[in-house]
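Down below is the structure, laid out as structure tokens.
Since every read-out is calculated from the coordinates, none of them should be taken as a lab result. Here the structure is a predicted model, which means the values were calculated and not measured. Cβ sites come from the backbone with ideal geometry, for glycine too, and all protein chains shown count toward neighbours.
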Ligand code: PRX
């Protein structure tokens, strides 16, 4: 927090009730329209803090607690937050309570704020198109974008998709394992379920602690009926076989959901057969921070499933597949996934930069919303997401831009240039493979490699830690000086079939990089 150059109040929310929190925020001088950053672990006070903001018309901007102080700082500055709500530590067994240096000029303690206050707080009335929250997502330029959602459309969309996609019934116990620091937690832990009055499990912990049966133990303990998780978690648990799952009954389960990245058919089958014992339909929900809620998804027990396909559009969503020239492709085909008309939950703008909103999503193919994902449509009309087609990587269901990691690397004094690509990973989906060109006279070493990994972790956060770092005396570039990532991707994956590399300025670089490629992560 010492890095924060702006005057920020730090409220330590240790114990709170909902009503008192509104007062805490009001006492801290927050008014309708103000921005409030929230940087907290998965505790109930996080949901309380979100709702407190909404109650008084303030706009929350939640930053995932795994992000570094520098990433938090960047997001606070961009959203112009006047207040930060955080906690002094976590009860997560792998992380310890940290000591937060206290500055009485800017820091406020929860207890002091609420002392003697009434527990009633009238809601602030807002317009339906007033902002509800800002949530940052990686941008291909490297600078994160503040995705802005507004009140009514977003609430309507998350409530409706939650109800229909999970077939929500009043006696359900629903559990989404995501972190609220990501859009899945916003839409399908806080807003969608609460708008339906659903009973939810809020989990602060790890799927593998104290053992790898943790998820199923909780399912039995609370009689969870609808369960929503990510392919990366499924692949992680799949490694331990079916025995840890079968230790628990899981009889309550009715619908299983997945989100965050394409689910490979093997993981789908394991989820369906071992976890759901072939009784529970799987809803493979494709969506984005920007879409607010599910846009391609099966409806449970109504849509015939195909393992690995997000199947069909949700009501009101009109997808199309375009070729490079922007022509709509009919029938079985593959190309850019776009949407032809807006739906209630779509983002409204990029915080503070409407121009960027237009350029990112609407410029490449005018008249269409561009998802940035590739997609195939089969002969039965099913949609299959093939992954990102921009310079974004999906590591454990988290989007990262290659530019963001590259700029963290080149900030190191001995790195002259860096290029980052994805390499398939059995659990994480993709891992980060980094090529670095060092400044003259510097020798690559294990110590430097460790230092560079630390640098990225400190600049961005643990999720962005590189798996592989390879020294590249020169990078493969076109004659106009553009790095050929396609070639680097092949090297990272050890694929010799390069395709056409005639545009390379110096093709001997490729062979040299092949010879020195990293085969296993260190
Ligand atoms: O590439 C797609 C992938 O995740 C991206 C959106 O990431 P984010 O905004 O962080 O939101 C993640 C949670 C909604 C998409 O552009 N993605 C998400 N869900 C799926 C998916 N890819 C394939 N299948 C999915 N079900």
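Exposure proxy shown here: for 445, 252, 37, 68, the number of other Cβ atoms within 10 Å sets the order, fewest to most, as 445, 252, 68, 37. Mean residue ellipticity, 222 nm, helices only, the chain: the sum of -39500 (n - 2.57) across DSSP H runs of n ≥ 4, divided by residue count and rounded to 500, is -7000 deg cm²/dmol. With just the Cα atoms defining each centre, how far is segment 453-494 from segment 373-420? Give it in Å. Taking the Cα centre of segment 373-420 as reference, the centre of segment 453-494 is 12 Å away. Note on 450, 289: ascending count of other Cβ atoms within 10 Å places them as 450, 289, the fewest first. Structural descriptor for segment 447-500: relative contact order 17 percent, calculated from alpha carbon pairs under 8 angstrom and at least 6 residues apart.
From the alpha carbon centroid of segment 185-213 to that of segment 351-368 is 33 Å. Of all DSSP bridge pairs formed entirely within the chain, close to 60 percent run antiparallel.
If I take every Cα pair under 8 Å that is 6 or more residues apart in segment 325-470, average their sequence separation and divide by the length, what percent do I get for the relative contact order? Over segment 325-470, the number comes to 17 percent. Among 253, 194, a tally of other beta-carbon atoms within 10 Å of each Cβ gives an order, fewest to most, of 194, 253. All Cα-Cα distances of the chain, cut into 10 Å bins from zero to the largest, leave 4, 17, 27, 28, 18, 6, 1, 0 percent in each bin in turn.
Of all DSSP beta bridges confined to segment 174-316, the antiparallel ones make up roughly 15%.
Would you mind telling me the antiparallel percentage of the DSSP bridges in segment 371-522, rounded to 5? The antiparallel fraction comes to roughly 85 percent.
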